[in-house]
1. Work out, in µm²/s and without decimals, the Stokes-Einstein translational diffusion coefficient of the stretch B:3-74 at 4 °C, 1.567 mPa s, Rh from Kirkwood over C-alpha pairs.
2. Please list the radius of gyration and Dmax for chain B, considering alpha-carbon atoms only, with Å as the unit.
3. So if R0 is 30 Å, what FRET efficiency would residue B:327 and residue B:8 give, r being the distance between their Cβ atoms, rounded to the nearest 0.05?
4. From the C-alpha coordinates alone, can you work out the Kirkwood hydrodynamic radius of chain A, in Å?
5. Starting from one equal scatterer on each C-alpha and no solvent at all, send me the Debye-based log10 I(q)/I(0) for the stretch B:180-325 at q = 0.11, 0.16, 0.18 Å⁻¹, two decimals.
6. Take residue A:9, project a point 7 Å from its Cα along the Cβ direction, then tell me which residues of the stretch A:65-81 have their backbone nitrogen under 20 Å from it.
7. With a ≥ b ≥ c taken as the square roots of the eigenvalues of the C-alpha gyration tensor of the stretch B:265-309, please select rounded if a/c is under 1.5 and otherwise prolate if a/b is larger than b/c or oblate if it is not?
8. If you count, for every residue in A:86-93, the Cβ atoms of partner chains within 10 Å of its Cβ, what is the mean?
C-alpha cells in the first residue's frame with residue numbers, strides 16, 4: 001500500500017497526576033490513508049480522545065505530554081515542528097470537531113465570525129471573501145437560509161445545527177484530515193444519522209481523510225473503511241470494517257459485539273468486570289481480568305498477529321507458534 | 001436596549017431616590033446634636049437658639065420639614081449650607097468633579113493593572129509571576145489606605161521630592177474650568193505644563209485609591225480566566241490554529257470579563273462615595289471630605305444633598321453595568 005497520510009508510530013502519552021504518571025495512550029500505531037475513514041473504537045477513558053489531542057498537540061498543559069513516538073503527517077513529524085508551524089497545521093491541514101456541540105462554540109461570537117476567523121487566519125482572504133465563504137460553508141453543511149443564520153449566536157441554534165457549524169468551521173480551510181471526536185454522541189438519533197451522512201458526503205466532495213473516534217459500533221459500520229479497537233490505552237485489534245464485523249477476533253471486540261442490545265433478546269450481555277485503573281494495569285494483557293479465554297501467557301504482553309490479510313489482533317489466543 | 005426598559009429603570013431610580021431621601025432625612029434628625037447649638041456655640045442664650053431654629057425651619061414638625069425639603073429638591077434646590085451659606089448644589093457640583101477625576105483615574109489604573117496581572121497570572125498559573133502578583137494582591141487588600149498614602153507621600157514627596165503631596169494643581173498655574181476635571185481641561189486648553197503638573201498631582205492619590213480595587217480586580221480576573229480557560233470553546237479556538245494571544249484575549253478574556261465588570265462597577269460606586277481617607281491625606285477637595293465635615297456640623301442640607309447624589313450615581317453605575325452585560329454577552333437579553 002502507498003504511504004499513509006497520517007502515520008502514528010509507537011505513541012505514548014502520559015499525564016502527570018498526584019498519584020504519579022499515568023499512561024493514557026501506550027504504544028499506539030495507526031495509519032490513515034488518503035481518502036479513508038478510520039474508526040477509532042473503544043469505551044470511555046480508553047485513550048481515544050487523548051490520542052486525537054496528541055495529534056493536534058492540544059493536550060491539557062502542563063499535565064499531559066507525549067512521552068514517546070512519532071506522528072508523521074505527510075512525512076513530517078508533528079511532534080518535532082515548531083509551535084508556529086503547528087498552528088499552520090491546526091484547522092488548516094488537520095482540523096478537529098468535538099463531542100459537545102453545545103459547549104464547543106464560543107457563546108459571545110456569532111457563528112459566522114467563528115467560521116470566518118479560521119478562514120482569515122489560514123487562507124488570507126479579504127473580509128468580504130471570508131464572509132462570503134462562511135456563508136458558502138453554512139450552505140454546504142445544510143443550514144437553511146445561511147446568509148441570515150450567519151449572524152446568529154450559538155445559543156440561538158439547536159445541538160444538531162451547532163454541530164453542523166462546527167463541521168463548517170472544521171472544513172472551511174479544506175483540510176486533508178478531519179478528526180471527529182464522538183461527533184454524534186451528544187445528539188439524538190435522527191440528527192446523528194444526518195450528521196454522519198453529512199460527514200461522509202463532505203469527505204467525498206473535499207477529498208479528505210477522516211479519523212472518527214466513537215464508542216458506537218453502529219456508527220463505525222455506517223461510515224468507516226478501517227477500524228482500530230482500543231482498550232485501556234492500547235490498540236487491541238485492527239482490520240477493515242468488513243472483516244471486523246464479520247470475524248471479530250479479540251475477546252474485547254467479541255464482548256463489544258455481544259453487548260449490543262438486540263430487539264429479540266431481552267437480556268443485555270455486558271462484558272463482565274470493570275476497566276482496570278490506568279494506575280495499576282495488570283502485567284501483560286490489559287484485558288486478562290475480564291477475558292473468557294484467559295491463559296497463562298496473558299501475563300506477558302501479547303504480540304500483534306495477522307490472522308488474515310490486513311486483520312491484526314493483539315492476543316495470545318491466536319499465537320500459533322506457542323500454542 | 002429598548003426604550004421602555006430604560007424608562008422603567010429611570011422610574012426605579014426615582015423610587016430609590018425617594019426612599020433614600022426619607023431615610024437620610026429621618027436618620028440625620030435622629031442623631032444627637034442640634035445644628036443651631038453647633039452654629040451659635042455652647043454659650044448661646046435660649047432666645048437666640050429659638051430664633052435660629054425658626055429661621056432654619058427646625059421648629060416645624062418633621063413631616064412639614066420633609067414636605068418643604070421635598071418641594072425644594074423637586075425644583076432643583078438642595079438647600080443652603082448652614083456652614084458656608086452657599087447653595088449646597090453648587091458646593092456639591094464642584095467637589096463632585098474633583099472626586100470624579102480622582103475616582104476615574106483610580107479606576108483606569110485598577111482596570112489596566114488588575115486585568116493585566118490577573119490575565120498573566122492565569123495564563124502562567126503557578127509561576128513566580130502568579131505567586132508574586134497574588135501575594136501583592138493580598139497585601140493590597142489588607143493594607144490600611146491612610147498608612148499607604150502617608151508612606152507614598154513620605155517616599156515620593158518628602159524623601160525624593162519628585163511628586164507633590166497635596167492639591168490638584170501647583171500655585172501659579174491656571175486652567176479654564178470647562179469640564180471641571182483639571183487634567184482634561186488643561187489638555188483641552190493645550191496647556192502642557194499644567195497638564196503634566198495636574199497629572200503629577202493626581203498620581204499619588206489615584207495610586208492610593210486604586211490599590212484595593214486593583215487587588216480585587218486582579219484576583220477576580222485570575223479566577224475567572226482560569227475557569228474559562230478550560231472551556232471547550234477555548235480548545236476549539238486552539239484547534240482552529242489561532243495564535244496564543246488571540247485565544248487568550250478574544251476567546252478567553254472576553255468571556256471572563258463579566259464578573260470583572262461587576263466588580264469594577266461596585267468599586268467605582270465605593271470610590272465615589274468612600275474616598276474620604278485618600279481625599280483627607282492628599283488634601284483633595286472632593287466630596288468625601290465634604291460629607292464628613294458637613295456631618296460633623298450637622299449641616300443637614302449638605303449631607304442630604306450628598307447622599308442623594310451618591311444614590312443617583314450608584315444607580316446609574318448599576319444601569320451602566322447591566323448595559324455592559326448585554327453588550328458583552330449576547331445570551332443576556334432584557335426580559336419583560
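Nothing in this text is a laboratory measurement; each read-out follows from the coordinates by a stated rule. Every value quoted in this text rests on a predicted model; they were computed, and no experiment measured them. Cβ: placed from backbone, ideal geometry, glycine included. Neighbour counts: every protein chain shown.
1. D, rounded to a whole number, is 89 µm²/s.
2. That works out to 23.9, 86 Å for Rg and Dmax.
3. After rounding to 0.05, the efficiency reads 0.95.
4. In chain A this quantity evaluates to 20.8 Å.
5. -0.63, -1.02, -1.11
6. So the set is A:66-81.
7. Taking the square roots of the gyration eigenvalues as a ≥ b ≥ c, the stretch B:265-309 is oblate.
8. Mean partner-chain Cβ count within 10 Å for A:86-93: 3.
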